[in-house]
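The values are calculated or read from the model by the stated rules, or taken from the named source; none is laboratory data. Keep in mind that what you see is a predicted model, and the values were worked out from it rather than measured. So basically every Cβ, Gly included, is an ideal-geometry build from the backbone, and we count neighbours across all protein chains shown. When the accessible area is computed, the model is the full protein with side chains, heavy atoms only, and any ligands, DNA or RNA have been set aside. Shrake-Rupley method; radii C 1.70, N 1.55, O 1.52, S 1.80 Å.
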Amino acid sequence: MVTPDLTARVGSLLLKNPVMSASGTFGYGLEFAPFYDISRLGAVIVKGLSLLPTRGNAPQRIVETPAGMLNAIGLQNIGVERFIGEVAPRLEDAGAVFVANIYGRTEEEYEEVARRLSAVPALAAVELNVSCPNVREGGIAFGSTAKGLYGLTRRVRAATAKPLWVKLSPNVTDIGEMARAAEDSGADAVSLVNTLLGMAVDPRTRRPRLGNVTGGLSGPAIKPVALRMVWEACKAVKIPVIGIGGIRSAEDALEFLLVGAAAVQVGTANFRNPNACIEIVEGIRDFLAREGIRGVKEYRGSFLP
Amino acid sequence: MRANPRFVGGRILRNVGHGIFYRMEVAVPDRVEFVPGQFAMVSGWPGNDPLLPRPLAIFRSGGTRVSGTVEFVYKVVGRGTALLSGLHEGDPLSITLPLGNGFRLDDPDRTWWLAGGGVGFSTVFPAGMALSQGRSDFEMFLGARTREQLPPRDWTPGGNVPGRVHLCTDDGTAGFHGTVGAALRARLEALKPPEAGRLSILACGPREMLREIAETAGSRGVPAQVSLENHMACGFGVCWGCVTEVREGDGTAYRRVCKEGPVFDAREVVW
């Protein structure tokens, strides 16, 4: 049996396989080194970085929901400078392909974070977070209208030569319009979906279960919604679409590739099983070999609607 | 030296109820080295609901160089632990362990007081076992709502040594009539300063109990380590969901219970 070709192309980047860790579910990547060699992933996408270290939201920050979870972490992070000084060199030493997810309170902050990250030669790409539902500054102000998204992406595009990905929110009326706004403003790829806005309340105490009241829903519960949106985005744009949302098995990942995603990101599944990403890489290889398919590039987009 | 966490498949050897508590022994591929106070993330039920593993204190570990066993004690509090309690001998589990920072027990010249409220005893018992092996002197304060909810006597390290274990019940059906915090305060107030100067406290239990112990210990200058709990998604520091507020510099910051904790210096914690 021929070993399938797992390489996946996202714009100018050729990844060794189509499986990446989703931002916010993988820490800074190094936390997974005890479990497996993180250089085996297509890419590691680190927790959202801001210009200055960020405190995050008051607890309670997570609530379990049927086949999913709500989070309102509030983008707690070490800030871009500590990332560049302390984390990036170790990711490079580990041989990982890594991508920085970034956000700002203002367009200027986004630009500045992107500019500073441009000085990290090993950084593979920048992913713009314009879709965190849990802080107003998490970019959702930019990510909820096509006009806002276009304006911000244009500015960041001019600030860095790194491949630029835009991570889209599902909390919009027309995902195709948002993907087109990203494409028109010069993005190299779009990744979707971020979490679905949700909430949980306690009927006895009459209080919200999250300190932030509302939060972002993730996990298997959102997969059908994410899959539909990825399919729509794939039809709307020519740039690569990276599929995210409730992926916890190779079969889930294959569904996103099938409807046209160039690659996928695995998020919440990492919490339940630290080996989730690498097991999905192996599962995709096994599937393609079993089905006699030469590689990811041949399989992706072969959906028969 | 702290062992790196690993994700292993286990198989249940026994999972038995004792009163309101369950004690579960699991066969794992290798021997598990852990520091008392460290924990594991455990799941085993099929399907995605509930989605997340449950944090359980490591109660005991054993085995040989080529195979290991690990024990957990838990109480049914929600759907996850209810599902765990329904698993049988031979059922598979997924376990990530050992996790977090355990108790610091490296000072040989201390007298130790261990306080466990409710199922919190499952976190301080391993510390008692380690102190026994190190021939350190310790006393234990164990609290529950009623006599029936106290931990089984034969699980208790040093349980047969007179004067070592102080039982407390909210309803007065056994031992001291009142909380662990109140019993500990009464005994601490009776100590002479030189005795109090040699004392260290380790505690795990409801947050209100830990707050009371932190206050009592603080007022006599007694160092106290408290083991906190919180809702966790991952247990190994990547979701940032389980934070608690601690003092830092002139202000405060959020620290992860799973990674910087679960054991904190009681003076750090913002109650």
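Annotations for the structure displayed:
- Top-ranked residue of region B:58-70 - restricted to ones that are polar (S, T, N, Q) and buried (at least 17 other Cβ atoms within 10 Å of the Cβ), ranked as farthest from the other protein chains (Cβ to nearest Cβ): B:Thr69
- Restricting attention to region B:199-247 and to residues that are free of Cβ contacts under 8 Å to residues at least 12 places away in the same chain and within 14 Å of chain A (Cβ to nearest Cβ), the residue that is farthest from A:Gly74 (Cα to Cα) turns out to be B:His231.
- All told, A:Leu75 meets the bar of being touching a strand residue (DSSP E or B) at 6+ places or on another chain (Cβ under 7 Å), within 14 Å of chain B (Cβ to nearest Cβ) and buried (at least 17 other Cβ atoms within 10 Å of the Cβ).
- Residue match in region B:19-31 (condition: farther than 21 Å from A:Phe32 by Cα, aliphatic (A, V, I, L, M) and in contact with a Pro (Cβ under 8 Å, 6 or more places away or on another chain)): no
- When B:Arg54 is tested against (1) at pLDDT 95 or above; (2) open to solvent by less than 10 Å² (accessible area, probe 1.4 Å), exactly one condition is not met: (2).
- Residue pairs meeting the criteria (Cβ under 6 Å; at least 6 apart or on separate chains; first aromatic (Phe, Trp, Tyr), in region B:100-116; second part of a loop (DSSP other than H, G, I, E, B) and open to solvent by less than 10 Å² (accessible area, probe 1.4 Å)): B:Phe103/B:Gly37
- Counting only residues that are within 11 Å of chain B (Cβ to nearest Cβ), within 25 Å of A:Ile278 (Cα to Cα) and open to solvent by less than 40 Å² (accessible area, probe 1.4 Å), region A:31-61 holds 7 of them.
- Scope region B:71-95; condition within 14 Å of chain A (Cβ to nearest Cβ) and open to solvent by 30 Å² or more (accessible area, probe 1.4 Å); matching residues: B:Val77, B:Gly78, B:Arg79, B:Ala82, B:Leu83, B:Pro92, B:Ser94
- Residue that is farthest from B:Val226 (Cα to Cα) [pool: residues in region B:39-48 that are touching a residue at least 24 places away in the same chain (Cβ under 8 Å) and within 14 Å of chain A (Cβ to nearest Cβ)]: B:Trp45
- Verdict on A:Phe142 being among the aromatic types (Phe, Trp, Tyr), assigned to a helix (DSSP H, G or I), within 19 Å of the chain's Cα centre (by Cα) and over 30 Å from A:Glu177 (Cβ atoms): no
- Selection within region B:7-31 - crowded, with 17+ Cβ neighbours inside 10 Å and either within 12 Å of chain A (Cβ to nearest Cβ) or within 18 Å of A:Pro274 (Cα to Cα) (or both): B:Phe7, B:Val8, B:Gly10, B:Val28
- Whichever residue in region B:237-248 is open to solvent by less than 10 Å² (accessible area, probe 1.4 Å) and in contact with an Asp or Glu (Cβ under 8 Å, 6 or more places away or on another chain) and, among such residues, is farthest from A:Ala67 (Cα to Cα): B:Val246
- Filtering region A:267-295 to residues that are touching a Lys or Arg at 6+ places or on another chain (Cβ under 9 Å), under 20 Å from B:Gly9 (Cβ atoms) and within 14 Å of another protein chain (Cβ to nearest Cβ) leaves A:Ala269, A:Arg272, A:Asn273, A:Pro274, A:Ala276, A:Cys277, A:Ile278.
- Residue, least open to solvent (accessible area, probe 1.4 Å), within region A:106-133, restricted to residues that are assigned to a loop (DSSP other than H, G, I, E, B) and out of contact with any Gly (no Cβ under 9 Å at 6 or more places or on another chain): A:Val120
- Those helices (runs of 4 or more DSSP H) of region A:226-305 in which at least 3 residues are open to solvent by less than 60 Å² (accessible area, probe 1.4 Å) and either of a type in the set (A, V, I, L, M, F, W, C) or farther than 20 Å from A:Ile175 by Cα (or both), considering only elements entirely within it, cover A:250-258, A:269-272, A:276-291.
- Qualifying residue in region B:49-57 (condition: touching a residue at least 60 places away in the same chain (Cβ under 8 Å), touching a Cys at 6+ places or on another chain (Cβ under 8 Å) and away from chain A (no Cβ under 14 Å)): yes
- One residue stands out in region A:78-105 among those that are open to solvent by 20 Å² or more (accessible area, probe 1.4 Å) and touching a helix residue (DSSP H, G or I) at 6+ places or on another chain (Cβ under 8 Å): the one that is nearest to A:Ala189 (Cα to Cα), namely A:Val97.
- Listed here are the strands (runs of 3 or more DSSP E) enclosed by region A:1-75 that have at least 3 residues being under 23 Å from B:Arg54 (Cα atoms): A:62-65, A:68-71.
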